[in-house]
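Below is one structure, written out as structure tokens; comments come after it.
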Amino acid sequence: MSLRQILIHPDPRLKKMCESVARVTPEIEALADDMLATMYDAPGVGLAAPQVGVMSRIFVMDATRDPEAERRPMVLINPEIAWSSDDLNTYDEGCLSIPDQYADVTRPAEVRMRWLGLDGKTHEEDFDGLWATCAQHELDHLNGILFIDHLSAIKRQMITRKMVKLKRERARG
Ligand code: NI
């Protein structure tokens, strides 16, 4: 298990459609382990494969917020939304690829996700609250969509300019 480097927006890999995973291989298992470790280390509640430069349809999440509660690490391969509620929910979203920037995004309040698990079986589960927000945010990543793509062009450009500056500063060391 090792930590992977998280790509920072703007990066062309964060704007691409990811490929379906044909089957669960030891490589996919290792990737999932690394992604969970990287997510907890960040710390974050979700991380998608393209954020670590792997263009495959897989994301991890754990939206357990109570630090006293037991962790619930989840790995979703080839995830899809089987159903979403008409009820909407607005959440102040952030992203590990867009550090320290937050903005309100409105999405369906509840979603039923279907995915392939590391056990090779199909899973289905309903999510609400932060879990629902997180699942939709991460699924977006697999389609090359960032949370800032849900904002106005002006807000998106403002945040992108800050990220360009941040990357320049980091490159300088
Ligand atoms: Ni994100």
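Along the charge dipole of the chain, pointing to its positive end and built from +1/-1 on Cβ of Lys, Arg, Asp and Glu, which listed residue (SER152, VAL105, GLY129) has its Cα farthest out?
SER152
State whether the stretch 116-157 is rounded, prolate or oblate according to the following rule on the C-alpha gyration tensor (a ≥ b ≥ c being the square roots of its eigenvalues): a/c under 1.5 gives rounded; otherwise a/b larger than b/c gives prolate, and the remaining case gives oblate.
Oblate.
Does the stretch 84-173 classify as rounded, prolate or oblate by the C-alpha gyration tensor (a ≥ b ≥ c root eigenvalues; a/c under 1.5 gives rounded; else a/b over b/c gives prolate, otherwise oblate)? All intermediate terms of the calculation are to be shown ahead of the outcome.
On the way: a/c = 3.05, a/b = 1.66, b/c = 1.84.
Oblate, since a/c reaches 1.5 and b/c is not below a/b.
For the stretch 12-172, with only Lys/Arg (+1) and Asp/Glu (-1) charged at the beta-carbon, what is the dipole magnitude about the Cα centre, in debye rounded to 20?
1200
In the Gaussian network model of the chain, springs joining C-alpha atoms below 10 Å, which of ASP87, ASP34, ASP11 carries the largest mean-square fluctuation?
ASP87
Per the helix-only calculation at 222 nm, which mean residue ellipticity applies to the chain, given -39500 (n - 2.57) for every DSSP H run of n ≥ 4 and division by its residues, nearest 500 deg cm²/dmol?
Mean residue ellipticity, 222 nm, calculated: -9500 deg cm²/dmol.
Going by the alpha-carbon gyration tensor, a ≥ b ≥ c the square roots of its eigenvalues, is the stretch 13-136 rounded (a/c under 1.5) or, if a/c is not under 1.5, prolate (a/b greater than b/c) versus oblate? Before the final figure, lay out the partial values.
Numbers: a/c = 1.41, a/b = 1.21, b/c = 1.16.
Rounded.
Arranged by the count of other C-beta atoms within 10 angstrom, fewest first, what order do ARG57, ARG71 take?
Details: ARG57 23, ARG71 10.
So the residues, fewest neighbours to most, are ARG71, ARG57.
Determine the relative contact order of the chain: mean sequence separation of Cα pairs under 8 Å and six or more apart, normalised by residue count, in whole percent.
Relative CO of the chain lands at 24 percent.
Bear in mind these aren't lab numbers, they're just calculated from the coordinates by the rules spelled out. From a predicted model like this one, the values you see are computed outputs, not experimental measurements. When we count neighbours, we look across all protein chains shown, and the Cβ atoms used for this are built from the backbone with ideal geometry, even at glycine.
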